[in-house]
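Each value in this text was obtained by applying a stated rule to the coordinates, not by laboratory testing. Values in this document were obtained by computation on a predicted structure and should not be read as measured data. Positions of Cβ are backbone-derived with ideal geometry, glycine not excepted, and every protein chain shown enters the neighbour counts.
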């Protein structure tokens with residue numbers, strides 16, 4: 001759990017140190033702008049913008065029941081962030097598993113990626129897809145015609 005917050009906390013801490021230096025040099029406006037930018041960037045790299053994660057076993061159970069894909073991700077992954085942002089509101093329809101919080105999820109990803117924890121790994125109908133195009137993932141949410 002803590003590992004997911006290390007990067008955002010370090011970003012805010014280092015940005016705060018630089019902002020204090022700017023304030024001491026008389027650049028209050030620059031310090032405020034820097035802090036706002038750092039906090040926004042830290043938020044993007046935190047688990048906050050992703051839908052609530054569930055365990056891999058629960059995600060697989062739900063996916064079997066409703067047919068929706070399972071997304072294995074981790075905080076700080078730019079490709080996971082890209083997928084999440086490009087999916088928009090439809091991201092909430094997927095089952096999200098944070099591999100840093102769920103050992104079973106990490107094991108599923110390693111099994112699908114020759115021992116590597118490459119994310120995002122999207123499992124559709126039991127078949128893993130590594131870093132798929134967000135438009136393709138969105139299509140998987142649509143019912144077949």
Task: Equivalent ellipsoid semi-axes - Cα gyration tensor, segment 51-141, angstrom - done: 17, 15, 12
TODO: First measure r as the distance between the Cβ atoms of residue 17 and residue 40, then evaluate 1/(1 + (r/R0)^6) with R0 = 22 Å and state the FRET efficiency to the nearest 0.05.
DONE: 0.80
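How much length is gained if the chain between residue 93 and residue 7 is pulled fully straight, taking 0.36 nm per residue apart and subtracting their Cα-Cα distance, in nm to one decimal?
Extra length available between residue 93 and residue 7 comes to 28.2 nm.
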TODO: Under a 10 Å cutoff between Cα atoms, tell me which one of 54, 23, 85 has the largest fluctuation in the Gaussian network model of the chain.
DONE: 23
Open item on the list: Helix-only estimate, please: 222 nm mean residue ellipticity of the chain, summing -39500 (n - 2.57) across DSSP H runs of length 4 or more and dividing by its residues, to the nearest 500.
Closed with: -17000 deg cm²/dmol
Open item on the list: Restricting to bridges with both residues inside the chain, how much of the DSSP beta-bridge set is antiparallel, in percent to the nearest 5?
Closed with: 65
TODO: In a Gaussian network model over the chain where Cα atoms closer than 10 Å are linked, find which of 119, 12, 20 has the largest mean-square fluctuation.
DONE: 20
TODO: Take the Cα pairs of segment 3-48, get the Kirkwood Rh, then feed it into Stokes-Einstein at 37 °C and 0.692 mPa s and tell me D in µm²/s.
DONE: 308
